[in-house]
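Participant: This is the structure I want to talk about, given as structure tokens.
The values are calculated or read from the model by the stated rules, or taken from the named source; none is laboratory data. Keep in mind it's a predicted model, so treat the numbers as computed, not measured. All Cβ positions, glycine included, derive from the backbone under ideal geometry; neighbour counts span all protein chains shown.
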């Protein structure tokens, strides 16, 4: 309980409430600056690494896939790989849904500790009352308010944090949620502290009467409304709720954030805390302005800036019971990089006219195929039906709920994008791409990009491994034509290995396939470690795919651990592993690339330096 609060206490409290949030910001700014220097340094290194890649680089000091003997010269490289394993591949798993790597865990603990330290230091009143409740209950509110601009910025697609750090908005989304939940905790501490510190709190009746009188104040009503909105928002943002009812979360998030910020602004206006909140509106408005401009520029035909509307109309094709392929002609000025996403707005399908949903672009922005088709006419290598994966915007949409009932053969689509990072794999000797189901939307364009860059002499890659886990064999047809053309275009200097794993039972697979053409092909597959001879009845196009050199179709779930260990054992130089899929497949890849496979002992003995990139479906 607080002692008698004096004028000296008020002066000290106001000074600390102004000074401590600023010091927290200085600390965070310094941290972001260090992260930015590190990230941009890695970016520049990846851009220039390939130029001297075949020189004296220690990462390429292995020949013909045979690891060297122990070498002390590789200690710096071993230290880097040790950091990668500990920071990004060691994970804290909470149930089946939540996975935090050690870097995220450390940042979370450090951030919470930073705010709590500033909340409770120097809370002794002038009269000597330690941990005076009026001191810390007011200070936590100022600390939480001071974080709201950063929380808002991290939740937008176009934000200054990404510009400074070089980290894309989707990677920062975890930090956005973590900081929001920390502020939520602090604000409830503030509310509880204010009630307990009420001078009538020892007498319940008098406290209730006092609260009713105070409730007539606009600032208190605004604060209560803000906290109710924030509490509902926090509940619906939890992954189980968000996954089960994403559209509910989408609407509540949009409305809840607005109510919370407006209510918080008016609640803190009299306490000089509103100047921490109004920048949140600036960041939000800037992001919306940029997105509207991009929307108009990339979809100008819909807005009357060019004759002939409908150039962005999309066609849809139901590939399976839960996957729809959406295709639309790309405008000449729209360009993207492999692995990037775009927000699709479909007024005739969505509940709200401008409701946007993110999807990974499954096609590759390239002119290589149009050139290659002209060059290879004599050999019969024509672009054929694989053209959409090079010339159009293609999306593989994993259907949820009643979405398919709203789809038509042609739908109007507004495109907002592209967003997100694109992995630069040009300096790696071996690239392994792992996907589960519709996660191939990410790995396919990366795969096509590797082949093009090797053809143009812009990549030192000598081996690319494409691993895809699907439930049924016919799902291969989603991207089969593109894979056939890609393998045909691969230069002789690049070894291509495509491993398709069918997770449905063998009887189910054969039953599904028997409905197709009577063309028959036998393939040797493995299931649970033992060879199994599976007779596959396929169409002529599938026969062409399976007859390609380096293509293997197998039954059963992929043994990620064994597959990656095999690649590490035969790889020389630098190796990248990119994975996109469920939490389960991401966990399996992380586990496979821990010690000793990618540890210091392997590096010192001449093993490859392994970089992991995870593009997971789930979010914490």
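Participant: Since residue 313 meets every condition but one in (1) in contact with a strand residue (DSSP E or B) (Cβ under 7 Å, 6 or more places away or on another chain); (2) modelled with pLDDT of 80 or more, which condition does it not meet?
Facilitator: Tallying (1) in contact with a strand residue (DSSP E or B) (Cβ under 7 Å, 6 or more places away or on another chain); (2) modelled with pLDDT of 80 or more, residue 313 fails exactly one: (2).
Participant: I'd like to know if the stretch 610-618 contains one or more residues that are within 21 Å of the chain's Cα centre (by Cα), part of a loop (DSSP other than H, G, I, E, B) and at pLDDT below 85.
Facilitator: Yes, there is a match, as at least one residue in the stretch 610-618 is within 21 Å of the chain's Cα centre (by Cα), part of a loop (DSSP other than H, G, I, E, B) and at pLDDT below 85.
Participant: Tell me which residues, restricted to the stretch 330-346, are at pLDDT below 80 and surrounded by fewer than 19 Cβ atoms within 10 Å (Cβ to Cβ).
Facilitator: 331, 332, 333, listed by residue number.
Participant: Suppose we filter 92, 115, 131, 148 for residues that are free of Cβ contacts under 8 Å to residues at least 40 places away in the same chain and closer than 26 Å to residue 38 by Cα; which single one remains?
Facilitator: 92
Participant: Considering only the stretch 178-253, give the helices (runs of 4 or more DSSP H) lying wholly within it that have at least 3 residues that are surrounded by fewer than 17 Cβ atoms within 10 Å (Cβ to Cβ), within 38 Å of the chain's Cα centre (by Cα) and at pLDDT below 90.
Facilitator: 239-244
Participant: Oh, and also: If we keep just the residues of the stretch 347-360 that are touching a residue at least 24 places away in the same chain (Cβ under 8 Å) and in a strand (DSSP E or B), which is surrounded by the fewest Cβ atoms within 10 Å (Cβ to Cβ)?
Facilitator: So, considering only residues that are touching a residue at least 24 places away in the same chain (Cβ under 8 Å) and in a strand (DSSP E or B), the one surrounded by the fewest Cβ atoms within 10 Å (Cβ to Cβ) is 358.
Participant: Condition first: at pLDDT below 90, surrounded by 14 or more Cβ atoms within 10 Å (Cβ to Cβ) and at positive phi. Can you find one or more residues in the stretch 154-173 that meet it?
Facilitator: Yes, the stretch 154-173 has at least one match.
Here's the yes/no breakdown for (1) surrounded by 20 or more Cβ atoms within 10 Å (Cβ to Cβ); (2) at pLDDT below 95; (3) under 21 Å from residue 339 (Cα atoms):
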| residue | (1), (2), (3) |
| --- | --- |
| 439 | yes, yes, yes |
| 455 | no, yes, yes |
| 459 | yes, yes, yes |
| 466 | yes, no, yes |
| 473 | yes, yes, no |
| 478 | yes, yes, yes |
| 495 | no, yes, no |
| 502 | yes, yes, no |
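Participant: Spot the failing condition for residue 85; the list is (1) surrounded by 16 or more Cβ atoms within 10 Å (Cβ to Cβ); (2) part of a helix (DSSP H, G or I); (3) at pLDDT below 85, and only one is missed.
Facilitator: (3)
Participant: Taking the condition surrounded by fewer than 16 Cβ atoms within 10 Å (Cβ to Cβ), modelled with pLDDT of 55 or more and not in a loop (DSSP other than H, G, I, E, B), does residue 26 pass?
Facilitator: yes
Participant: Cβ contacts < 9 Å: first residue closer than 17 Å to residue 98 by Cβ, restricted to the stretch 239-251; second residue loosely packed, with under 14 Cβ neighbours inside 10 Å, any location; separation 6+ or different chain. Result?
Facilitator: As it stands, the answer is 241/235; 241/248; 242/248, since those pairs meet every condition given.
Participant: Within the stretch 264-306, which residues are touching a helix residue (DSSP H, G or I) at 6+ places or on another chain (Cβ under 6 Å) and modelled with pLDDT under 90?
Facilitator: 268, 270, 273, 274, 296, 303, 306, listed by residue number.
Participant: Yes or no: the stretch 577-594 includes at least one residue that is part of a loop (DSSP other than H, G, I, E, B) and under 19 Å from residue 83 (Cβ atoms).
Facilitator: Yes, some residue in the stretch 577-594 is part of a loop (DSSP other than H, G, I, E, B) and under 19 Å from residue 83 (Cβ atoms).
Participant: Is it true that residue 96 is surrounded by fewer than 18 Cβ atoms within 10 Å (Cβ to Cβ), within 21 Å of the chain's Cα centre (by Cα), part of a loop (DSSP other than H, G, I, E, B) and at pLDDT below 85?
Facilitator: Against the criterion (surrounded by fewer than 18 Cβ atoms within 10 Å (Cβ to Cβ), within 21 Å of the chain's Cα centre (by Cα), part of a loop (DSSP other than H, G, I, E, B) and at pLDDT below 85), residue 96 qualifies.
Participant: I would also like to ask the following. Considering only residues that are touching a residue at least 60 places away in the same chain (Cβ under 8 Å) and in contact with a helix residue (DSSP H, G or I) (Cβ under 6 Å, 6 or more places away or on another chain), look in the stretch 118-128 and name the one that is farthest from residue 358 (Cα to Cα).
Facilitator: The selected residue is 126.
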